[in-house]
Amino acid sequence: MGDPVPESMSVVVTTAKAQAKARRAGRNAELSTTLQLTCQVTGKPFAHDVRSDAGTLRDLWPRRLMLSCPHCGQVHGFQFRTVYVQAVVAGPRLPFEQISPVQV
């Protein structure tokens, strides 16, 4: 074989498939869902944003989230899959002015 290529002259080859995967990963990093939670002491609501790309959801799905409460300062536990499904079913919460009328 020939002489090894010096590291400063090495070439990185990127396939179209790798480029598409990198674009999707960048786009997925922006996906998030706001979980609506309730303080177990005061009953006051608070929100927690969580990334909602496939990898993060897969990792968090069986877990219990332990979050510091902004109202009482204690740490509360929430089953991730329960609060995530509630957030998705509830849908985005938009100010009234941003809601478009439905055309029929």
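Here are the numbers for the structure shown:
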| item | result |
| --- | --- |
| Cut-off under 5 Å, modelled amide H: who pairs with Ser52 long-range | Leu31, Ser32, Thr33 |
| Sequence-distant residues sharing a close amide H with Phe46 (under 5 Å, placed H) | Leu37, Thr38, Cys39 |
| Cα-Cα pairs of segment 28-91 separated by more than 19 Å (percent) | 30 |
| Separation in nanometres of the label points that stand 7 Å from Cα toward Cβ, at Val41 and Gln86 | 1.9 |
| Segment Met66-Thr34, length gained on full extension (0.36 nm per residue, minus Cα span) | 10.0 nm |
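Throughout, read-outs are computed from the coordinates displayed, never taken from laboratory work. Source: prediction; values computed, not measured. Heads up, the Cβs are rebuilt from the backbone with ideal geometry, glycines too, and the neighbour counts pull from every protein chain shown.
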